[in-house]
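Engineer: What follows is a single structure, and I will ask about it in a moment.
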Amino acid sequence: MPEIQYREDPTDQEVKRKFNSKDSSKFFDPCQDAADRSLKCLRRNMGDRDMCVDYFQAYRDCKKKWIEDRKAERWKHAMGSLGFSHEEASDGTSKSSGEAEK
C-alpha cells in the first residue's frame, strides 16, 4: 500500500498567516484535512483501525511538524526578546564575554 501524504504543509506561509490572524479564543488546526480523511476512512471501513493506519500516521506526521515549527518560532521569539541575535537563538547556544573557549 502506498504511503499516504497529507495535503497541507503546516509550516506554509499561508497557514502561518491564518494562525497569526485568528482570534485568540479560536482553535486552529493546520492538519484538519488529515484528521478528516482519517475519520472518513474509519467510517468507510466500519471502525476497523487497521485499515486506516496510513491515514493516522499522516495526521501524526503533520501534527509533529506543526508542533516542532511552533516551538522553534516561540523559542526564536523568546530569545530575540531577551536580546540574543537570531544566530544564537537558532542554535540554542550563546557565549558570554567571560566564558573561556576550550
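The values are calculated or read from the model by the stated rules, or taken from the named source; none is laboratory data. Because the structure is predicted, anything quoted here is derived from the model rather than measured. Here the Cβ positions follow ideal geometry from the backbone for every residue, glycine too, while neighbour counts run over all protein chains shown.
Engineer: If you check Phe28 against the conditions, is it touching a helix residue (DSSP H, G or I) at 6+ places or on another chain (Cβ under 7 Å), modelled with pLDDT under 90, of a type outside the set (Ser, Thr, Tyr) and assigned to a loop (DSSP other than H, G, I, E, B)?
Structural biologist: Considered against the rule, which asks whether it is touching a helix residue (DSSP H, G or I) at 6+ places or on another chain (Cβ under 7 Å), modelled with pLDDT under 90, of a type outside the set (Ser, Thr, Tyr) and assigned to a loop (DSSP other than H, G, I, E, B), Phe28 comes out as yes.
Engineer: Failed condition for Lys65, given (1) at pLDDT below 90; (2) surrounded by 15 or more Cβ atoms within 10 Å (Cβ to Cβ); (3) assigned to a helix (DSSP H, G or I), with all others met?
Structural biologist: With respect to (1) at pLDDT below 90; (2) surrounded by 15 or more Cβ atoms within 10 Å (Cβ to Cβ); (3) assigned to a helix (DSSP H, G or I), Lys65 is out only on (1).
Engineer: Determine whether Ala34 is aliphatic (A, V, I, L, M), closer than 25 Å to Phe19 by Cβ, at pLDDT below 75 and surrounded by 12 or more Cβ atoms within 10 Å (Cβ to Cβ).
Structural biologist: no
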